[in-house]
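The values are calculated or read from the model by the stated rules, or taken from the named source; none is laboratory data. Every value quoted in this text rests on a predicted model; they were computed, and no experiment measured them. No Cβ is skipped: glycine too gets one built from the backbone with ideal geometry, and neighbour counts run over all protein chains shown. We work out accessible area using only protein heavy atoms, side chains counted, and drop any ligands, DNA or RNA first. Shrake-Rupley method; radii C 1.70, N 1.55, O 1.52, S 1.80 Å.
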Amino acid sequence: QGAPRPKALLKERDKLAKWNGIPLLLQKLYENSHPNSDFSECQSILKEISPLLSMEAMAFVTDDNRKPAQEAAFPNTYTFDLFGGVDVSVSGFLSDDLIKDCLSILYNTCICTEGVTKRLAERNDFVLFLFTLMTNKKTFLQTATLIEDILGVKKEMIQLEDIPNLASLVSSFDQQQLANFCRILAVTISELDTGSDDKHTLLAKNAQQKKNGGPSRAEVNQATLLNIPGFVERLCKLATRKVSETTGTSNFLQELEEWYTWLDNALVLDALMRVANEEAEQSSTVWRPELESSDESGLANTSARTQLPQSMKIMHEIMYKLEVLYVLCVLLMGRQRNQVHKMIAEFKLIPGLNNLFDKLIWRKHSASTLVLHGHNQNCDCSPDITLKIQFLRLLQSFSDHHENKYLLLNSQELNELSAISLKANIPEVDAVVNTDRSLVCDGKRGLLTRLLQVMKKEPAESSFRFWQARAVESFLRGATSYADQMFLLKRGLLEHILYCIVDSECKSRDVLQSYFDLLGELMKFNIDAFKRFNKYINTDEKFQIFLNQINSSLVDSNMLVRCITLSLDRFENQSDIKVAEVLSECRLLSYMSQMSMRMSFLFRLINIIHVQTLTQENVSCLNTSLVILMLARRKEKLPFYLHKLQEMEYVKKYPGFILNNFHSLLRFWQQHYLNKDKDSTCLENSSCISFTYWKETVSILLSPDRTSPCAIVSYIDEAYMDIDRDFSEE
């Protein structure tokens, strides 16, 4: 490729093959692309090639049935690549004057010809070089888009620290460019396979961790970003700025070009025109002095041609924010979590988002059906929807096991928490006392209560329910706080959850799981919650529907089963008249107090999991079965439970199948949880049982002594023993 070919031959073939003169143009370009050549000649050649390719790229992105690019569909681009056009274009970056044309040509070739993007991605030096071009304001957008496409197919994640002068590059960006840059960063700081993290087996993940040893590339990249001075502060500003604060300096065409680059979709133009027309009808384009000072003046004091309509501005801002929130969310879940938390609190991200909640984040859906880069219209990812989900994910990772979660309330709400503790005669939670009041939400409501409001109004089939429940649940996670639970119970959360599970008989597995988990956190050890439960589930028919939902999938409901078991155990040990009353009346507690019910749950929990199929999602079934047995051990009933499991195996005519499996699961448990990197505080917090007691119980159950009444092996007949096999990733 690139070697000169006889011109006459090329001309002859050109007519037959309909190459549109591309090979000849490329040959001329090749001859003129040496460091000492006349670049104006190159420029005019590039200007001839460019439209031939962009025409096809345009056809590709506006085609509804995008199929993998084929040679026949895009002959010009195919020919361009066939004759080494990509290599000549890459070498064209030698001159500043040619950069824009080369970028445009490469971008269009990547769209239409499979394999080009991958080839460019393999040239690491070229990818790093592209980053340095981002300082050029004129070509910033094309560069950003090309980098994004290349990183999307790159096998090896790039290391941000290899980018020359990264800190000064970032500080040269205005806020708009920084938001665009966040799209690129997203690929570099996310683990490559996090999409299905819950689905990967723990065996595979543990093996991978052993193999990797040190921090992953994504983690190193996160640290690199956090070392850039002022980076997190600027992201917080971008995330919380109001639409009216955005600078109106960029002109209409520049904005349009940006839209086009962001959305790859001809519908943008239709939407833009529709929105512009709607707004032009609402506001006259005549200058009206009384409107000049207000935000709503929209098109009033400038000509409609040069100003972007308000709705488009809002859409633009939404798209920026979701990129920025994504990056903040990943950083919040990373190794430097505490450092990020401190910065986010200091830069008032939470109160800022609270002020945007009604007008921007949870605004009424607009008519425009704009679609994100790389998606089609039928998928659930309009910018409005994606922003909501991104916002909920941020709340979830923000409050999960962290005392900064109280920043989600305002001052009155924090006072209410103190009053609840005072009334119940229990000490206030330290984290509430230590919360810096100058950093909390302001306004009538904090973010948590706003979230509860929209959660209750959410339609039954809404995809937001799962994320809303996860966000509220993470606020309750950690050491159980009676005041936090009462705060939410007073706002009708329990009744809302039960309505969804029982009355609307929710069918979505994801939503059910998130509602069961939330219900468990809300009710754990809280006698008032069980009383409210009984008041709502007030007929046998309702209770049966509730049980059917729990039994339909124990993987989804086992955290709730764990919570009821733990609460029952605590209540039984209390000598309080109110507790005794609820114990005798509450359908749920009476049901769980039957030994046969607990045994049935235990049997099924052990039966649905195996070492080879354990994931982050279903390992909780193993821990729930352990909780049932730890409580039995406290009452010196462990041998009785093991004997019952053995009896149940015989009834099923399959001796040993449950206990052998349980033995393997517990050996895996030791390997997994006794690892020095594993955080055991979650197990302690969620159960109020010390980790030492967890460890002791497991090792007693695994004792090889066949005479021990608490050892699993004592209940498996010699003939059915199958516990010596070593397990590894199969």
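Search segment 505-528 for residues that are buried (at least 22 other Cβ atoms within 10 Å of the Cβ) and pair each with any residue that is in a loop (DSSP other than H, G, I, E, B) and at pLDDT below 95 when their beta-carbon atoms are under 6 Å apart and the residues are at least 6 apart or on different chains.
What qualifies is Leu512/Cys506; Lys524/Thr480.
Look at Arg562 and say whether it is crowded, with 22+ Cβ neighbours inside 10 Å, of a type in the set (Lys, Arg) and in contact (Cβ under 8 Å) with a residue 40 or more places away in the chain.
yes
Starting from residues that are within 20 Å of Asn607 (Cα to Cα) and hydroxyl-bearing (Ser, Thr, Tyr), keep the ones in segment 529-559 and report whichever is surrounded by the fewest Cβ atoms within 10 Å (Cβ to Cβ).
Looking at residues that are within 20 Å of Asn607 (Cα to Cα) and hydroxyl-bearing (Ser, Thr, Tyr), I get Ser552.
Output the residues belonging to segment 624-638 that are crowded, with 20+ Cβ neighbours inside 10 Å and either of a type outside the set (A, V, I, L, M, F, W, C) or without any contact (Cβ under 8 Å) to a residue 24 or more places away in the chain (or both).
Scanning segment 624-638 gives Thr624, Ser625, Ala632.
Mind checking which pairs have a first residue in segment 685-701 that is at negative phi and a second that is part of a loop (DSSP other than H, G, I, E, B) and open to solvent by 60 Å² or more (accessible area, probe 1.4 Å), Cβ under 6 Å, 6 or more apart or different chains?
Cβ pairs passing all conditions: Asn685/Ala479.
Yes/no matrix, rows are residues, columns are (1) modelled with pLDDT under 95; (2) out of contact with any Ser or Thr (no Cβ under 6 Å at 6 or more places or on another chain); (3) of a type in the set (Phe, Trp, Tyr); (4) open to solvent by 20 Å² or more (accessible area, probe 1.4 Å):
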{"residue": "Phe640", "(1), (2), (3), (4)": "no, yes, yes, yes"}
{"residue": "Lys644", "(1), (2), (3), (4)": "no, yes, no, yes"}
{"residue": "Ile658", "(1), (2), (3), (4)": "yes, yes, no, no"}
{"residue": "Leu666", "(1), (2), (3), (4)": "no, yes, no, no"}
{"residue": "Lys676", "(1), (2), (3), (4)": "yes, yes, no, yes"}
{"residue": "Thr681", "(1), (2), (3), (4)": "yes, yes, no, yes"}
{"residue": "Asn685", "(1), (2), (3), (4)": "yes, yes, no, yes"}
{"residue": "Ile689", "(1), (2), (3), (4)": "no, yes, no, no"}
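Run down Leu202, Leu238 and say which single residue is surrounded by 16 or more Cβ atoms within 10 Å (Cβ to Cβ), in contact with a strand residue (DSSP E or B) (Cβ under 9 Å, 6 or more places away or on another chain) and more than 26 Å from Phe126 (Cβ to Cβ).
Leu202
To keep it simple, each residue is scored yes or no on (1) closer than 16 Å to Met319 by Cα; (2) open to solvent by 10 Å² or more (accessible area, probe 1.4 Å); (3) assigned to a helix (DSSP H, G or I); (4) without any contact (Cβ under 8 Å) to a residue 24 or more places away in the chain.
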site: Thr132; (1), (2), (3), (4): no, yes, yes, no
site: Leu141; (1), (2), (3), (4): yes, yes, yes, no
site: Ile147; (1), (2), (3), (4): no, no, yes, no
site: Leu178; (1), (2), (3), (4): yes, no, yes, no
site: Phe181; (1), (2), (3), (4): yes, no, yes, no
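Taking Ala529, is it more than 27 Å from the chain's Cα centre (by Cα), closer than 16 Å to Leu476 by Cα and part of a helix (DSSP H, G or I)?
Considered against the rule, which asks whether it is more than 27 Å from the chain's Cα centre (by Cα), closer than 16 Å to Leu476 by Cα and part of a helix (DSSP H, G or I), Ala529 comes out as yes.
With respect to Ile228, is the statement that it is open to solvent by less than 20 Å² (accessible area, probe 1.4 Å), in contact with a Cys (Cβ under 8 Å, 6 or more places away or on another chain) and over 15 Å from Tyr326 (Cα atoms) true?
Answer is no for this residue.
When you look at Gln412, is it modelled with pLDDT of 95 or more and among the polar types (S, T, N, Q), yes or no?
Yes: the conditions hold for Gln412.
Hey, among the residues in segment 573-605 that are farther than 28 Å from Met648 by Cα and in contact with a helix residue (DSSP H, G or I) (Cβ under 7 Å, 6 or more places away or on another chain), which one's most open to solvent (accessible area, probe 1.4 Å)?
So the residue we want is Glu585.
Inside segment 421-449, can you point out the residues that are in a helix (DSSP H, G or I), over 14 Å from Phe487 (Cβ atoms) and either among the hydrophobic types (A, V, I, L, M, F, W, C) or touching a Phe, Trp or Tyr at 6+ places or on another chain (Cβ under 6 Å) (or both)? Don't jump to the end; show me each part of the working.
Filtering segment 421-449 for residues in a helix (DSSP H, G or I) gives 421-423, 430-434, 437-439, 447-449.
With the extra rule that they be over 14 Å from Phe487 (Cβ atoms), the set shrinks to 430, 433-434, 437-439.
Across segment 421-449, the qualifying residues are Val433, Leu439.
Residues of segment 523-555 being over 15 Å from Leu588 (Cα atoms) and not β-branched (Val, Ile, Thr), which ones? Spell out the reasoning first.
First pass over segment 523-555, keeping only residues over 15 Å from Leu588 (Cα atoms): 552-555.
Within segment 523-555, Ser552, Ser553, Leu554 qualify.
Going by the conditions given, is Ile609 surrounded by 15 or more Cβ atoms within 10 Å (Cβ to Cβ) and in a loop (DSSP other than H, G, I, E, B)?
yes
Going through segment 583-612 one residue at a time, which ones are aliphatic (A, V, I, L, M) and touching a Lys or Arg at 6+ places or on another chain (Cβ under 9 Å)?
Met592, Met595, Met599, Leu602, Val611
Quick check on segment 576-584. Is at least one of its residues basic (Lys, Arg), in a helix (DSSP H, G or I) and at pLDDT 95 or above?
For segment 576-584, residues basic (Lys, Arg), in a helix (DSSP H, G or I) and at pLDDT 95 or above: absent.
Select from segment 499-526 the residues that are part of a helix (DSSP H, G or I) and in contact with a Leu (Cβ under 8 Å, 6 or more places away or on another chain) and list them in ascending order.
Those that are part of a helix (DSSP H, G or I) and in contact with a Leu (Cβ under 8 Å, 6 or more places away or on another chain): Ile501, Phe516, Asp517, Leu518, Leu519, Gly520, Glu521, Leu522, Met523.
Which residue pairs have Cβ atoms under 6 Å apart, sit 6 or more places apart or on different chains, and have a first residue in segment 340-359 that is at pLDDT 95 or above and a second that is open to solvent by 60 Å² or more (accessible area, probe 1.4 Å) and charged (D, E, K, R)?
Going by the 6 Å Cβ cut-off, the qualifying pairs are Phe347/Glu233; Pro351/Asp442.
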